[in-house]
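S.K.: Encoded as structure tokens, here's the structure I'll be asking about.
The values are calculated or read from the model by the stated rules, or taken from the named source; none is laboratory data. Since we're looking at a predicted model, the values are computed, not measured. All Cβ positions, glycine included, derive from the backbone under ideal geometry; neighbour counts span all protein chains shown. These area figures cover heavy atoms from the full protein model, side chains too; ligands, DNA and RNA do not enter into them. Shrake-Rupley method; radii C 1.70, N 1.55, O 1.52, S 1.80 Å.
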Amino acid sequence: MPPLIHSLLDTDLYKFTMLQVVLHQFPASHGEYEFKCRNRPDMPLTQLKKELEAQLDWLCQLHFTQEELIHLRTLRFIKSDFVDYLELFHLQRRFITVSCQDEELVIRIKGPLVQAMFFEIFVLAIVNELYFRRLDSAEVRAEGLRRLEAKIAVLERFRDSEAAQQRFPLLIADFGTRRRFSRDWQQHVVERLNTALPDIFRGTSNVYLAWKLGITPIGTMAHEFFQAFQALGVRLRDFQKAALESWVQEYRGDLGIALTDVVGMDAFLADFDLYFAKLFDGLRHDSGDPYQWGEKAIAHYRKLRIDPATKMLTFSDGLSVDSALDLHRHFSPNIQVSFGIGTHFTNDMGLEPLQIVLKLVSCNGQPVAKLSDSPGKTMCSDETFLAYLRQVFKVALPV
């Protein structure tokens, strides 16, 4: 099988933005990541092991081309010395291992954070494409096309009948690289959305596709960025503030959407004081009830005497076109909203998508965790640390 990843730009923007902070502020840090499939696929993922190993061998031979590096220099938040570092960069095969245990596919990444952090999106995209190649057919592709055109028709009807009545415009982006059916399918989806809905579709998280199609790359930070600060020498109670401050110092006003759900929305807002609320442009939702989350965000801004209309809420948790439109109708009278849609764009083919993740579980030899607002999203093997984290942030056990 030929390589499935052809470019090191074929990943999400936040991998570059987080990696730049790591390189500049804690380059010696060490991380460990573990793979998990949250649903039971029709075919055991263990059957992919041999092909996955070969794809990882290919991946670790890739380097950034001069053309790619020149493009990265055009992004105003990417610093020159970081691009100089990337010119020498390639992923090291020894930091990632694949095995099978109890009929489960086991993928572990263990190495310097400047290496380990960059594997995630590539690995998830490869596993997805290897799995769905076995199910691919002309009928599956035809169903995917039918569903995509139906989504576009729904968005066109909204644009033509409701958009003018809304206080703020509908903004949608592709966040589907990690869960895509295939690389070529994601490209088709992004091209089609960009052509059909230029006033609604505002970009993609995929840096390569954004570059090739001349559209906006979108992204800021992921959970792993905050989690790392649980083990970077600050008091655990202060790790969210330390992460936010680190981001502010690196980007000085750029990339201003903050992720909120590493220890839950209530605990995040307790740390998101007037200083951060004014410095960041908005917040991103990725777990829990989106309506409750959004109302809490609006109430928090109002409590701080900040006009919510000057801020942005970005929703990105398992969205469909219909759920995005419902959220837009609900929140757009009071606050700007945008939507990152993943699987529903890049892997809606009439087949059950894989629910796979590759999460940071330790940093510098210490356990780290995310206390999700959604049941089943917490991922940490150290129950003692989980209990301590809940105690420090006064987060109750999930019901």
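S.K.: With +1 assigned to the C-beta of every Lys and Arg and -1 to the C-beta of every Asp and Glu, and no other charges, what is the dipole magnitude of the range 340-389 about the Cα centre in debye, to the nearest 20? All intermediate terms of the calculation are to be shown ahead of the outcome.
M.R.: On the way: 3 positive and 5 negative charges, 27 e Å.
The dipole magnitude comes to about 120 debye.
S.K.: Share of the range 85-165's accessible area from carbon and sulfur, percent, 1.4 Å?
M.R.: Values: 1890 of 3800 Å².
It is 50 percent, rounded to a whole number.
S.K.: A follow-up question, please. What whole-number distance in Å separates the alpha-carbon centres of the range 109-161 and the range 1-66?
M.R.: When both Cα centres are located, 16 Å separates them.
S.K.: Here is a further query. Under a crude label model (7 Å from the Cα following the beta-carbon direction), how far is Gln101 from Ala309 in nanometres?
M.R.: Using points 7 Å along Cα→Cβ, the separation is 5.5 nm.
S.K.: Here's something else I'd like to know. Take the Cα coordinates of the range 114-261, assign each an equal point scatterer, and use the Debye formula without solvent to give log10 I(q)/I(0) at q = 0.13, 0.18, 0.21 Å⁻¹.
M.R.: Those come out to -0.79, -1.16, -1.31, one per q.
S.K.: Let me ask another. Please work out the Kirkwood hydrodynamic radius for the chain, using every pair of different C-alpha atoms, and report it in angstroms with one decimal place. Display every interim value, and only then the final one.
M.R.: Details: mean 1/r = 0.0460 Å⁻¹.
When all Cα pairs of the chain are included, the Kirkwood radius is 21.7 Å.
S.K.: Using every Cα-Cα pair within the range 165-216, state what percent have a distance larger than 14 Å.
M.R.: Values: 647 of 1326 pairs.
Summing the P(r) tail past 14 Å for the range 165-216 gives 49 percent.
S.K.: Charges on Cβ only, +1 for Lys and Arg, -1 for Asp and Glu, centred on the Cα centroid of the range 322-392; of Ile356, Ala324, Thr378, which one is farthest towards the dipole's positive end?
M.R.: Thr378
S.K.: Tell me the carbon and sulfur percent of the accessible area for the range 250-399, rounded to whole percent, probe radius 1.4 Å. Each step should come with its number before you reach the end.
M.R.: Numbers: 3150 of 6160 Å².
Result for the range 250-399: 51 percent of the exposed heavy-atom area is carbon or sulfur.
S.K.: Sticking with this structure for a sec: For the range 1-60, give the percent of accessible area contributed by carbon and sulfur heavy atoms, probe 1.4 Å, rounded to a whole number. Write down the numbers at each step before the final one.
M.R.: On the way: 1250 of 2400 Å².
For the range 1-60, the apolar C and S fraction of the accessible surface comes to 52 percent.
S.K.: Would you mind working out the accessible area per residue for the chain, using a 1.4 Å probe, and quoting it in Å²?
M.R.: Working: 16640 Å² over 399 residues.
Heavy-atom SASA per residue in the chain reads 42 Å².
S.K.: Also: Based on DSSP H runs of at least 4 residues, each adding -39500 (n - 2.57), what is the mean residue ellipticity at 222 nm of the chain after dividing by all its residues, to the nearest 500 deg cm²/dmol?
M.R.: Values: 17 runs with 175 residues, N = 399.
Value at 222 nm, helices only: -13000 deg cm²/dmol.
S.K.: For the charge dipole of the range 205-332, defined by +1 on Lys and Arg C-beta atoms and -1 on Asp and Glu C-beta atoms about the Cα centroid, which residue among Leu209, Tyr301, Ala243 has the Cα displaced farthest towards the positive pole?
M.R.: Going by the Cα projections, it comes out as Tyr301.
S.K.: Just how large is the dipole of the range 43-176 about the Cα centre, in debye to the nearest 20, putting +1 at every Lys and Arg Cβ and -1 at every Asp and Glu Cβ? Walk me through the intermediate numbers first.
M.R.: On the way: 18 positive and 21 negative charges, 46 e Å.
Computed about the Cα centre, the dipole is about 220 debye.
S.K.: Further question: Hey, got the dipole for the chain? About the Cα centre, +1 on K and R Cβ, -1 on D and E Cβ, debye to the nearest 20? If you can, show how the numbers build up before the last one.
M.R.: On the way: 46 positive and 51 negative charges, 121 e Å.
Result for the chain is approximately 580 debye, rounded to the nearest 20.
S.K.: Keeping all protein chains in place and using 1.4 angstrom, which order do Leu197, Leu88 fall into by accessible surface area, from largest down? Could you put the intermediate results ahead of the total?
M.R.: Details: Leu197 0, Leu88 140 Å².
The residues order as Leu88, Leu197, largest area first.
S.K.: First measure r as the distance between the Cβ atoms of Arg108 and Tyr388, then evaluate 1/(1 + (r/R0)^6) with R0 = 41 Å and state the FRET efficiency to the nearest 0.05. Don't skip to the end; give the middle numbers.
M.R.: On the way: r = 24 Å, r/R0 = 0.59.
Here the calculated transfer efficiency is 0.95.
S.K.: Can you compute the radius of gyration and Dmax for the range 50-196, using only the Cα atoms, both in Å?
M.R.: Considering the range 50-196 through its Cα atoms, Rg and Dmax are 19.7, 56 Å.
S.K.: I'd like to know which of Ala369, Val154, Thr46 lies farthest towards the positive end of the charge dipole of the chain, counting +1 on Cβ of Lys and Arg and -1 on Cβ of Asp and Glu.
M.R.: Result: Ala369, furthest along the dipole toward the positive end.
S.K.: On average over all directions, what projected area in square nanometres does the range 312-399 have, based on the convex hull of its Cα atoms? Walk me through the numbers before you get to the answer.
M.R.: Numbers: hull surface 33.7 nm².
Directional mean of the projected Cα hull area for the range 312-399 stands at 8.4 nm².
S.K.: Now for a separate question. Under the rule a/c < 1.5 gives rounded, and otherwise a/b versus b/c splits prolate from oblate, where does the range 247-399 land using the Cα gyration tensor? Each step should come with its number before you reach the end.
M.R.: Working: a/c = 1.68, a/b = 1.10, b/c = 1.53.
Verdict is oblate for the range 247-399.
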